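None of the figures in this text is laboratory data; all of them are computed from the coordinates on show. The model shown is predicted, which means the values in this text are computed figures rather than measured ones. Methodologically, a virtual Cβ is constructed for each residue, glycine included, from the backbone with ideal geometry; neighbour enumeration extends over all protein chains shown.
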Amino acid sequence: MLSIRPLAAALNPPAQVAAAVARVSEHLDRRRVAHRFVTGETDLADVLLIVTGGTESLALAAIERVPGPVFLLAHTELNSLPAALEVLSYLRQRGRGGRIYLLDDRDDESLSRLARHLEVRRRLQSVRLGRIGPPSDWLVASVPAAELVRTTWGPTVVDVPMEEVFEALRDTDTGETERVTKDATAGAEAIREPSPSDIDTAARVTVALRAVIRTHRLDACTVRCFDLVTEARTTGCLALSWLQDEGVVAGCEGDVPAALTLLWMRLMTEQPGFMANPQDVDPAAGTLWLAHCTIARRLVSRYSLRSHFESSLGVGIAGEIPPGPATVARVGGADLRALFVSDAEIVANGDSPERCRTQVLLRLAADVRELLTRPLGNHHVLAPGHWADDLREYHELFVAAG
C-alpha cells in the first residue's frame with residue numbers, strides 16, 4: 001500500500017485542494033493502487049503528492065525526513081506538474097535520485113509497480129541473511145562485507161559458524177529425518193547412486209540446517225556446504241532444495257551476492273530460483289548452459305536422486321525444468337551495485353556426466369558475451385517467467401544510483 005503525503009499551497013482554497021485530492025484517490029482506485037493519505041508530522045510517506053503549485057519549499061522540507069530516492073506524484077491541474085519538475089530538478093542537482101509519476105488518463109501501471117517495488121524494499125530491509133560458515137575459498141569475487149550488503153540492499157548478514165550445523169547434526173530428530181526421507185524418495189523418478197544410508201544422512205543435514213535457521217531466526221542463508229563433504233562425507237544439496245521449497249531462500253558455498261540475488265528474485269517473483277554455475281556460453285547462438293546439484297523441486301517437472309557431482313557423495317538433485325520463459329540474473333561488483341539480468345527461454349535439459357546434476361540450456365535476450373567480458377562472479381540465478389524489466393526498474397530506483 002502506498003502512503004501518500006498531499007502538499008498544497010496556502011493560497012489555494014481548501015475546498016479546491018480537497019476536491020483535487022479526491023480526484024487523485026479516485027484515479028488510484030480505478031487503477032487498483034492501494035493507498036492511504038498521511039498528514040501527521042511524524043508519518044513517513046512513500047510518495048509526495050504535489051496537489052498545487054507553490055509547494056516546492058514544502059516538498060523539500062518533507063524530503064529531508066525521507067531516506068533514499070524521492071517519488072513525486074503529480075496531476076495535470078493546479079500547476080502540480082510544474083512544481084514537481086522544479087523539485088526533482090533541485091534534487092538531481094544535488095545528486096539525489098527520484099522520479100515523477102504523472103496521473104493522466106493513459107493506462108499506466110507504473111504506480112502499481114512502484115508499490116510492489118516499495119514492498120520488496122521493505123521486506124529486504126527486514127531480512128536476516130545467514131552466512132553459515134565463511135564463503136568457499138574459491139569464491140574470490142563474492143565476499144562482500146556485511147555492512148555493504150546492509151547499506152546497498154537492506155538485509156542484515158548474520159554470521160553463523162559451520163560448527164553449529166555439525167552440532168545440530170549430532171542431535172537430529174528421528175521423526176523429522178524420516179519425514180524428509182520419505183518425501184524426497186516418494187517424489188523421485190529414480191534413485192541412482194545414493195544408498196539408503198546416504199539419503200538418511202542428507203535428510204539429517206536438512207533437519208540440522210533447519211534447526212540452525214530457526215535458532216538464529218534467519219529468513220535466508222548461504223552455506224559453506226563443501227565442509228559437509230570433507231568432514232561428514234555428505235552434501236547439503238538435498239537440504240538446500242528442501243529449504244527452498246519451504247520458502248527459505250538457501251544458497252550454496254557461502255556466496256552472499258548469489259544468495260542476495262536468490263532472495264531479491266524470490267521477493268520479486270514470489271517463487272524460488274535456481275542458483276547454478278554457467279557451464280558453456282555460445283555467443284553465436286545466444287545460449288547459456290547452467291548446472292548445479294541442487295534445485296527446488298517446485299521448479300522441476302520430474303527429478304531423480306543422484307550423488308553430488310564433484311565428490312560422488314551424498315545426494316544431489318537431477319531435475320528437469322519445463323521449457324518456457326525464464327530470467328537469469330546476478331548482482332555483484334565491488335560495491336554490489338552492478339547487475340546482469342536477461343530474459344531468456346528454457347530450450348533444453350541435459351544429462352552430461354561431466355557437469356552438475358541439474359542442467360538447463362537457455363537462449364538469452366541479452367548479449368551472452370557480457371558474461372565473458374564483464375562477469376560479476378560465478379553463480380547466476382534462474383527464475384521462471386520474464387522479469388528482467390521489473391528487476392532493472394527496481395535496480396535503477398533503489399540500487400544503481402547509490
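The table below lists the values:
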read-out	value
Top positive-direction residue, dipole computed over region 2-108 with Cβ charges, set Val87, Pro13, His27	Val87
Sorted by Cβ neighbour density within 10 Å, fewest at the top, the residues Glu193, Glu320	Glu193, Glu320
Ranked by how many other beta carbons lie within 10 Å on average, peptides 277-283, 5-11, 349-355 from highest	5-11, 277-283, 349-355
Euclidean distance of C-alpha centroids, region 327-402 and region 266-314, integer Å	12
Burial ordering of His386, His308, His395, His292, fewest other beta-carbon atoms within 10 Å first	His386, His395, His292, His308
Relative contact order computed over the chain (Cα-Cα under 8 Å; 6+ residues apart), in percent	13
Dipole magnitude (debye, nearest 20) for region 2-108, charges at Cβ of Lys, Arg, Asp, Glu	260
Cleavage-rule hits (chymotrypsin sites (Phe, Trp or Tyr not before Pro)) in region 201-300: DSSP loop, at most 14 neighbouring Cβ within 10 angstrom	none
DSSP bridge orientation in region 124-400 - percent antiparallel, rounded to nearest 5	70
Summed side-chain charge close to Arg36 - residues other than Arg36 whose Cβ falls under 13 Å, Lys, Arg +1, Asp, Glu -1	-2
Leu73 long-range amide H proximity, modeled H, under 5 Å	Leu48, Leu49, Ile50, Tyr101
The chain - charge dipole about Cα centre, Lys and Arg +1 at Cβ, Asp and Glu -1, debye rounded to 20	560
Cα coordinate range in the chain, projected on the principal axes (Å, largest first)	80, 50, 37
Length-normalised contact order of region 1-86 in % [C-alpha pairs under 8 Å, at least 6 apart]	36
Tensor-based shape of region 153-297 (alpha-carbon gyration tensor, a/c under 1.5 rounded, otherwise prolate or oblate)	oblate
Simple Cβ-charge dipole of region 153-291, Lys/Arg +1 and Asp/Glu -1, about Cα centre, in debye nearest 20	180
Region 170-261: GluC sites (Glu not before Pro) falling in loop per DSSP and having at most 16 other Cβ within 10 Å	Glu189, Glu246
Residue among Cys237, Tyr303, His380 farthest towards the positive dipole end of the chain, charges placed on Cβ	His380
Net lengthening on full extension, Thr174/Leu60 (0.36 nm per residue, minus Cα-Cα)	35.0 nm
Residue (of Tyr394, Ile50, Leu362) at the positive-pole extreme of the chain, dipole from beta-carbon charges	Ile50
